[in-house]
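Take a look at the structure below.
The values are calculated or read from the model by the stated rules, or taken from the named source; none is laboratory data. Worth saying up front: this structure is predicted, and the values here are computed from it rather than measured. Every residue, glycine as well, gets a Cβ built from its backbone with ideal geometry; the counts of neighbours run over all protein chains shown.
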Amino acid sequence: MIKDKYLVHADRMAGQIIKASLSHEGFLLFVHKNVDGDCVGAACGMAQVLRNAGYKAGVAISEKLPDSMEYMGVDDLVFDPMDYADRISVSNYMPFATDCSESHRMGKCGRFFECGRKPLIIDHHASVSLKDEQFWIDGDASSASELCYYTALMLEEKTGRKLIDRRAAVCFLTGIVTDTGKFAYKNTMPETLVCAGELTELGARTSDISYNMFDRKPRNVFDLVTHFRSKVEFHADGQIALLRAYEEDFWQFGADDSAIDEMPSVMRDIEGVELSVVLRISEGRIRCNLRSKDHFDCSTFATAFGGGGHMRASGFNLPAEEHTIDEVAEAVIRKATERLR
């Protein structure tokens, strides 16, 4: 059964959406850069629901969606606002962020999010502490997509219309499957499984999502991952697994940096490893992904480097012109070793 607290917040958010629709031309949804299944699933699912409710809605993303997300069929929901910068009157649209609440995490789209209007926000990052009637941030939730699904249910109730169609269901379930690690992580609660079951009844398929988001790999990506597995380092008596992914490695195999998105989780699952660390360069910044088991708080650790996220999965990024991967690696190893003693 869905927790009552979720439905209370979902009902409030649905009310805020209807209120916003009365004074805005439509909704612009925003996600964090270096997109993943949850931010895209939550935003595209909500955009589809909003369109079904009769509102204008689009998802602002300035990067190409990974090939693994082709099955979602959301090309008509997503657009790059940089292509329409001189034609979009942002003040006419309500900014709506999912799985993200800060403009500096949105890449190039952040400038459109900062339009001077107070946004709607649905997020589940524990490191975020914003509070407002138009914000729903719950660090205990499995995913932003689960919270968006509950909001969509309440929007259906308020409008008296069926709004969650198959495409919206696929989007929401993609976010849930992604952020729960195919329901294997500890953030999988009973209500999460109920939610997944309801989305399955609407036409979404866990098997399709799992294959595309986790298992499907082109040959060059398989070769790249095999290469990187041999490069994993172990520190602090095997408690830390660390990978330094240099740009030349990606050039060698003709793949982009998203090809190793699975590595933080793969490394964390090695027996004896408490913390996994993956460092790579993306868009001129050194990106660090952290994953842990039971005795290391990734969120507070990432905050010390200007990042944040969840207790078991977080990250941060630093300007590549000011740091090298090796410098960041040594700092992370030193600080993490101190915490693991």
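Out of curiosity, is Val40 touching a helix residue (DSSP H, G or I) at 6+ places or on another chain (Cβ under 7 Å), part of a strand (DSSP E or B) and among the β-branched types (Val, Ile, Thr)? So Val40 fails the test.
Inside region 274-293, residues that are free of Cβ contacts under 8 Å to residues at least 60 places away in the same chain and charged (D, E, K, R) make up a count of 4.
If you take the residues in region 19-78 that are among the hydroxyl-bearing types (Ser, Thr, Tyr) and under 16 Å from the mean Cα position of the chain (by Cα), which one is farthest from Gly175 (Cα to Cα)? Per the criteria, the residue is Ser62. Filtering region 145-200 to residues that are closer than 23 Å to Glu262 by Cα and of a type in the set (Asp, Glu) leaves Glu146, Asp179. For Met311, the conditions (1) modelled with pLDDT of 95 or more; (2) part of a loop (DSSP other than H, G, I, E, B) are fulfilled apart from (1). Which residue, of Ser258, Ser299, is farther than 27 Å from Pro218 by Cα, in a helix (DSSP H, G or I) and modelled with pLDDT under 95? Just one listed residue meets the conditions, Ser299.
Restricting the first member to region 247-273 and to residues that are closer than 17 Å to Arg287 by Cα, and the second to residues that are surrounded by fewer than 16 Cβ atoms within 10 Å (Cβ to Cβ), the beta-carbon pairs closer than 6 Å and six or more apart or on different chains are Ala255/Asn220.
You will find that of Arg244, Arg334, the residue that is basic (Lys, Arg) and in a strand (DSSP E or B) is Arg244 and no other. Is it the case that Ser142 is at pLDDT 90 or above, in a loop (DSSP other than H, G, I, E, B), under 15 Å from the mean Cα position of the chain (by Cα) and in the same structural domain as Leu202 (by TED's automatic domain parsing)? Judged against the criteria, Ser142 is a match. Residues of region 101-114 that are more than 11 Å from His32 (Cβ to Cβ) and either of a type in the set (Lys, Arg) or surrounded by fewer than 18 Cβ atoms within 10 Å (Cβ to Cβ) (or both): Lys108, Arg111, Glu114. Within region 294-302, does at least one residue satisfy the condition of being touching a residue at least 40 places away in the same chain (Cβ under 8 Å) and closer than 14 Å to Ala331 by Cα? Yes, region 294-302 contains at least one residue that is touching a residue at least 40 places away in the same chain (Cβ under 8 Å) and closer than 14 Å to Ala331 by Cα.
Conditions (1) in the same structural domain as Ala169 (by TED's automatic domain parsing); (2) buried (at least 19 other Cβ atoms within 10 Å of the Cβ); (3) on the phi < 0 side of the Ramachandran plot, marked per residue:
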{"site": "Ile18", "(1), (2), (3)": "yes, no, yes"}
{"site": "Phe30", "(1), (2), (3)": "yes, yes, yes"}
{"site": "Asp38", "(1), (2), (3)": "yes, yes, yes"}
{"site": "Cys44", "(1), (2), (3)": "yes, yes, yes"}
{"site": "Gly54", "(1), (2), (3)": "yes, no, no"}
